[in-house]
């Protein structure tokens with residue numbers, strides 16, 4: 001019984017590591033940071049120059065104007081999730097979370113070459129449900145907090161006046177903490193047996209990854225780009241602890257609480273490829289479009305290893321889907337330009353394996369509007385300082401009523417019937433200094 005209990009409880013530890021954010025899916029938002037480019041849904045690849053190119057398209061490090069560029073960005077983001085958790089399938093709503101994705105980048109362009117270095121948020125999530133009721137006195141925590149930060153260094157070369165190529169090396173650092181519940185088999189355990197498991201202090205650094213990009217000027221009005229982000233395989237290490245309850249009475253089953261056990265959770269931050277174009281319609285309007293493909297089907301299962309497992313490991317099916325995202329943006333040029341955009345992304349979360357800490361298993365939408373101002377020059381290209389700001393709203397939802405499992409372990413991996421939704425708000429603020 002003891003071994004069976006440990007397997008059933010800790011198998012779900014992998015669930016928590018498959019975090020998502022409000023307006024996208026998988027491990028990342030549609031717009032992580034970048035005040036100037038988030039306003040047009042992050043469609044920076046064709047025309048970006050300077051230090052933020054490390055994240056958007058390394059080819060832009062080979063700027064047309066020689067000199068140095070320093071970029072500072074921060075994006076306060078609040079997200080709220082909701083979905084069924086307890087045995088009654090009652091819809092619970094998470095606390096409004098606050099995260100601070102950031103970007104700090106530097107670049108130097110000289111001749112046909114450009115170089116850059118920086119640190120920035122590349123993914124993450126923060127979701128917490130408080131006082132989810134499973135009985136008279138059992139109100140366990142349900143929480144997912146994950147942060148992916150990258151340190152990157154890159155270089156770019158201007159092959160011709162119309163073609164630039166760039167490559168950046170990425171060091172990805174992951175940190176995470178989780179708390180969640182799992183329903184357990186009714187034999188040999190009592191009915192309504194539920195485990196509350198926490199994983200804490202999960203950390204990992206992976207240094208084998210890169211980002212590559214190309215910019216090509218078709219003519220004076222049109223630019224196109226292609227960017228590629230390589231896959232990162234993560235194996236975070238930390239501690240696990242479990243308490244098992246009878247959800248009806250709130251009483252502890254067996255030993256009160258396990259001690260902290262060494263544990264690891266393995267998953268993948270997937271490959272992404274993006275094709276984008278920007279067109280100057282006239283002297284007042286710029287139009288942009290982009291298609292992204294993220295290979296989230298690589299996260300077909302999540303693996304947890306611990307000395308508490310018979311055999312040393314266990315697996316949980318997620319069966320995530322690849323994500324396809326269409327982004328559209330526009331800029332109307334005035335002394336204070338008006339930028340706006342929208343995007344739609346296909347669902348990554350499989351409806352058969354939905355969780356209240358996942359983005360809903362349906363289409364995700366994002367809407368943005370922003371502006372900015374350059375100072376210290378007659379034209380924007382001559383300016384040495386600029387400020388930008390963007391506001392963003394995002395949402396995703398999906399209803400799995402009638403197709404999810406009833407809640408028994410092994411059937412639908414404990415998914416509950418009901419609607420899963422997420423809503424997010426962000427303010428992107430940035431400054432750039434050229435010298």
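The values are calculated or read from the model by the stated rules, or taken from the named source; none is laboratory data. This one's a predicted model, so the numbers in the text were calculated from it and none came from an experiment. Counting neighbours? That spans all protein chains shown, and the Cβs are built from the backbone with ideal geometry, glycine included.
List every residue pair whose Cβ atoms sit under 9 Å apart, with the two residues 6 or more apart in sequence or on different chains, where the first one lies in segment 249-278 and is on the phi > 0 side of the Ramachandran plot and modelled with pLDDT under 80 and the second, anywhere, is assigned to a loop (DSSP other than H, G, I, E, B) and surrounded by 14 or more Cβ atoms within 10 Å (Cβ to Cβ).
These pairs meet every condition: 250/134; 250/135; 250/138; 250/139; 254/189.
Restrict the check to segment 408-416 and report whether at least one residue is modelled with pLDDT under 90 and part of a strand (DSSP E or B).
No, segment 408-416 contains no residue that is modelled with pLDDT under 90 and part of a strand (DSSP E or B).
Considering only residues that are in contact (Cβ under 8 Å) with a residue 40 or more places away in the chain, more than 30 Å from residue 360 (Cα to Cα) and surrounded by fewer than 22 Cβ atoms within 10 Å (Cβ to Cβ), which ones fall in segment 78-113?
Selection gives 106, 108, 110, 111, 112, 113.
Could you list, in sequence order, the residues of segment 154-174 that are in a strand (DSSP E or B) and without any contact (Cβ under 8 Å) to a residue 60 or more places away in the chain?
159, 160, 163, 169, 171, 173
Out of all the residues in segment 126-133, is one or more at pLDDT below 80, surrounded by fewer than 22 Cβ atoms within 10 Å (Cβ to Cβ), in contact with a strand residue (DSSP E or B) (Cβ under 6 Å, 6 or more places away or on another chain) and not in a loop (DSSP other than H, G, I, E, B)?
no
Evaluate segment 67-77: report whether one residue or more is in contact with a helix residue (DSSP H, G or I) (Cβ under 8 Å, 6 or more places away or on another chain) and surrounded by 22 or more Cβ atoms within 10 Å (Cβ to Cβ).
yes
Can you name the residue in segment 239-248 that is surrounded by fewer than 19 Cβ atoms within 10 Å (Cβ to Cβ) and within 27 Å of the chain's Cα centre (by Cα) and, of all such residues, is modelled with the highest pLDDT?
239
With the condition being crowded, with 16+ Cβ neighbours inside 10 Å and at pLDDT 85 or above, I'd like the strands (runs of 3 or more DSSP E) fully within segment 281-325 carrying at least 3 qualifying residues.
It comes to 285-294.
Looking only at residues in segment 268-280 that are closer than 27 Å to residue 122 by Cβ and surrounded by fewer than 21 Cβ atoms within 10 Å (Cβ to Cβ), which one is farthest from the chain's Cα centre (by Cα)?
Residue satisfying both the conditions and the ranking: 277.
Among the candidates 44, 62, which residue alone is surrounded by 24 or more Cβ atoms within 10 Å (Cβ to Cβ), under 19 Å from residue 433 (Cα atoms) and touching a helix residue (DSSP H, G or I) at 6+ places or on another chain (Cβ under 6 Å)?
44
Sort through 168, 156, 145, 141 and tell me the only one that's at pLDDT below 95, crowded, with 17+ Cβ neighbours inside 10 Å and in contact with a strand residue (DSSP E or B) (Cβ under 8 Å, 6 or more places away or on another chain). Reasoning before the result, please.
Numbers: 168 fails: at pLDDT below 95; 156 fails: at pLDDT below 95; 141 fails: crowded, with 17+ Cβ neighbours inside 10 Å.
The unique qualifying residue is 145.
Only residues that are at pLDDT below 85, in a loop (DSSP other than H, G, I, E, B) and within 18 Å of residue 424 (Cα to Cα): list them for segment 78-113, please.
96
Being at pLDDT below 95, assigned to a strand (DSSP E or B), touching a strand residue (DSSP E or B) at 6+ places or on another chain (Cβ under 6 Å) and farther than 30 Å from residue 88 by Cβ narrows it down to one of 374, 330, so name that one.
374
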